[in-house]
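Each remark here refers to the structure printed beneath this line.
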Amino acid sequence: MHDRAQKRALDRCEKMGFSAQLDNFRFPPELHTGVSGKRVLITGSGKEGGLGQAFALAAGLNGASAVGVHFHTSYVDGFDLVKALRGAGVNAFPVQADVTNLGDLWATRSYVIEQMGGLPPNLLICNSGLTERGYSFGRALREIPDEPLAMRRARVRQHFIDNLRESRLVLDTKIDGFLASTHLWAGEAVYHHERLQLVYVSSRQAIDPGVSVPGYVISNWGVLQLPRVLAVNLGQNAGLVSASCILLPFVRTGMTDEYANNPRVFGRWQPRMLETNEAAESFMRLLSRPQGELDQGIFALMVEGTADNVSMTWRKVSLDIHEEKLDWN
């Protein structure tokens, strides 16, 4: 399954070229404050038409001092993005690594610091992620008329294995990748005594699950605890690192484009899918707020209105945990 997923990614890289309209990612001056002068690293930012690409363009075209474009298999798209950013006068550089391979990720450390003028990133956007094609989680497969029992057993077994392999890859990329990236760059921030702002890209489905994508939902839920876990572990150094999560609705990317005309999929949350530049502009608006206001927060992007006239607003989300004594103890 992993090999097939990589092949599909490589095929897409060969077929697609850089198509983003740079002017769509140049935003008003009041939205520049979150990235102006920052050394920005965005994981999972190489894929053509993806959210990470949009965040890299938004950072680079609105004042970031350096932009690290990270990718794993989508190297053609990644280099196209770096070339476009450099052509616009941005100090951009490519970073190739598998975020689930800890040795591979560690090997990027000195290179990234060198590209950023001897200092680590001070804005890290953890965006790496995959989704699932979807499967009937916890439900039996439909029967095929006149199918021999032995054949059904073999079909069900293979379906089970293939689905969970795909979920495992999704979980590894999001949870392992975010955890490892946090550990690496928060450690460098403390060592260099440089402030770091971390933003974890999650999904609205983390708190309002959709069907058929259990690995995606669980992995996006898991990252919501990372800011708190990091602050507890940093102890007296917690003031050096701020961290927050964003919950995004459906945005039209290579992973979601097939659903763009199916309101049964996205209609529960929004009148239409957002374009990547719209999501990036809303993200820049959030980033322009003071870091202290964002630290330890979970922020959901809400989309309202009609398909022809959408409005986007941010909402702060609280995960309230209640403990209750049981009478039978």
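The numbers here are math on the coordinates, done by the rules we state, and not lab data. The structure presented is a predicted model; accordingly, all values stated were derived computationally and were not measured. Cβ coordinates were reconstructed from backbone atoms using ideal geometry, including for glycine residues, and neighbour counts include every protein chain displayed.
A compact table of results
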quantity: Two-site label geometry, LYS316 and ARG157: point separation in nm, points 7 Å out along Cα→Cβ; calculated: 5.4
quantity: Restraint check, LYS47/LYS83; LYS38/LYS174; LYS47/LYS316, Cα-Cα greater than 22 Å; calculated: LYS38/LYS174; LYS47/LYS316
quantity: Ordering of 70-82, 132-144 by burial proxy (mean other Cβ atoms within 10 Å per residue, highest first); calculated: 70-82, 132-144
quantity: Burial ordering of MET273, MET151, MET116, MET302, fewest other beta-carbon atoms within 10 Å first; calculated: MET151, MET302, MET116, MET273
quantity: Student exercise, the range 2-317 dipole from Lys, Arg, Asp, Glu Cβ charges, in Debye to nearest 20; calculated: 500
quantity: C-alpha long axis of helix 75-87 to longest principal axis of the chain, angle in °; calculated: 30
quantity: Residue-span extension gain [ALA150 to ARG264] - 0.36 nm each, minus C-alpha spacing; calculated: 37.4 nm
quantity: The range 130-189: Rg to Rh, with Rh as the Kirkwood radius over Cα pairs; calculated: 1.28
quantity: Relative contact order [Cα under 8 Å, 6+ residues apart], the chain, whole percent; calculated: 17
quantity: 3J(HN,Hα) from dihedral phi, the range 134-145, Karplus parametrisation 6.51/-1.76/1.60, rounded to Hz, x for glycine, proline; calculated: x, 8, 7, 5, x, 10, 6, 5, 5, 6, 10, x
quantity: Span from the the range 73-122 Cα centroid across to the the range 262-278 one, whole angstrom; calculated: 31
quantity: Candidates per GluC sites (Glu not before Pro) in the range 261-329, loop by DSSP, up to 14 other Cβ within 10 Å; calculated: GLU323, GLU324
quantity: Gyration tensor (alpha-carbon) shape descriptor, the range 2-317, a/c threshold 1.5; calculated: prolate
quantity: Calculated FRET value between ARG168 and TYR191, using beta carbons and R₀ = 30 Å, to 0.05; calculated: 0.35
quantity: Using alpha-carbon coordinates, inclination of helix 2-15 to the longest axis of the chain, degrees; calculated: 60
quantity: Highest-MSF residue in the chain out of THR173, THR256, THR306 [GNM, Cα springs under 10 Å]; calculated: THR306
quantity: Helix-only [θ]222 nm of the chain, DSSP H runs n ≥ 4, -39500 (n - 2.57) each, per residue, nearest 500; calculated: -11500 deg cm²/dmol
quantity: Charge dipole (the range 98-233, unit charges on Cβ, about Cα centre) - positive-most of GLY222, LEU184, ASN233; calculated: GLY222
